[in-house]
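In what follows, a structure is listed as structure tokens, so that the remarks can point back to it.
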Amino acid sequence: DGNGTIFWDNIYFSKSAAAPTAPTASAPVPSADAANVVSIFSDAYTDLEGTDFNPNWGQATVVTTETIDGGSVLKYAGLNYQGTVLSAAQDVSGYDTLHVDFWTADSTALNLFLINSGDVTGGDPVEVAHAFDVSVTGSWVSVDIPLSSFSPVDLTMVDQMKVDGNGTIFWDNIYFSKSAA
């Protein structure tokens, strides 16, 4: 057989949309009471004044502050490592967690360190890393890291933070938080 009339319709080639390389929406709005927060970077809280988000530590990372959906976020492009220096050592020993929101399309390794620099220890710096799960890409990830996991960092004198890893990372809502009394 094989003879007959065939009608064709809607013949086209398509490709899937490119995966986003930056967030288009803001990070989730934090719900912690401002009275129980020491904010490093967030539009939702009053941040510590004088924080240096891009100290010259010889890093290749390019740091910018971007506006996404009306809010400010930190962007670390081409991450190898990146420091943050607080204007003064902070006593966060009465706090429970370090909260961060991050977004990445391409990171395969991401760590955040709390640090007591040599300036506050009078000797060698003390730093401990938290490794993030970067298996979720293309959406905001909210993480509350127990401060106890940063031991032996002295939580009465945290003066620096560091991030290492790879890819491009967007950050928001970086703050220490405690439960209401």
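The values are calculated or read from the model by the stated rules, or taken from the named source; none is laboratory data. Note that the structure is a prediction, hence the values are computed from the model and not measured. With ideal geometry, Cβ positions are generated from the backbone for all residues, glycine too; neighbour counts draw on all protein chains shown. The protein model used for the area step is the full one, side chains on, heavy atoms only, and it has no ligands, DNA or RNA in it. Shrake-Rupley method; radii C 1.70, N 1.55, O 1.52, S 1.80 Å.
Below is a table of values for the structure above.
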quantity: Karplus-derived HN-Hα couplings along region 5-16 (A = 6.51, B = -1.76, C = 1.60, θ = phi - 60°), whole Hz, x at Gly and Pro; calculated: 9, 10, 10, 10, 8, 6, 9, 7, 9, 9, 10, 6
quantity: Value of relative contact order over the chain, rounded to a whole percent, pairs C-alpha under 8 Å and six or more apart; calculated: 31
quantity: Whole-Hz couplings from phi, Karplus 6.51/-1.76/1.60, listed for region 151-168; x for Gly and Pro; calculated: 4, x, 4, 7, 6, 7, 8, 7, 10, 8, 9, 9, 10, 9, x, 8, x, 10
quantity: Global form of region 94-181, assessed from the alpha-carbon gyration tensor, a/c cut-off 1.5; calculated: oblate
quantity: Per-residue HN-Hα couplings for region 48-59 [Karplus 6.51, -1.76, 1.60; θ = phi - 60°; Hz; x = Gly/Pro]; calculated: 4, 7, x, 6, 9, 7, 8, x, 7, 10, x, 6
quantity: Dipole-positive endmost among Pro20, Gly4, Thr137 within the chain (Cβ charges, Cα centre); calculated: Gly4
quantity: 5 angstrom amide H check on Leu110, placed H, neighbours 5+ away; calculated: Phe132
quantity: Accessible area (Å², per residue) of the chain, counting only protein heavy atoms and a probe of 1.4 Å; calculated: 54
quantity: Unit charges at the beta carbon, dipole of the chain: most positive-side option, Tyr45, Phe170, Ser87; calculated: Phe170
quantity: Sum of -39500 (n - 2.57) over DSSP H runs of 4+, divided by residues of the chain (222 nm, nearest 500); calculated: -500 deg cm²/dmol
quantity: Cβ-placed point charges (K, R +1; D, E -1), dipole of region 116-181 about Cα centre in debye, nearest 20; calculated: 180
quantity: Interchain or long-range residues, amide H under 5 Å from Ala105's placed H; calculated: Gly138, Thr168
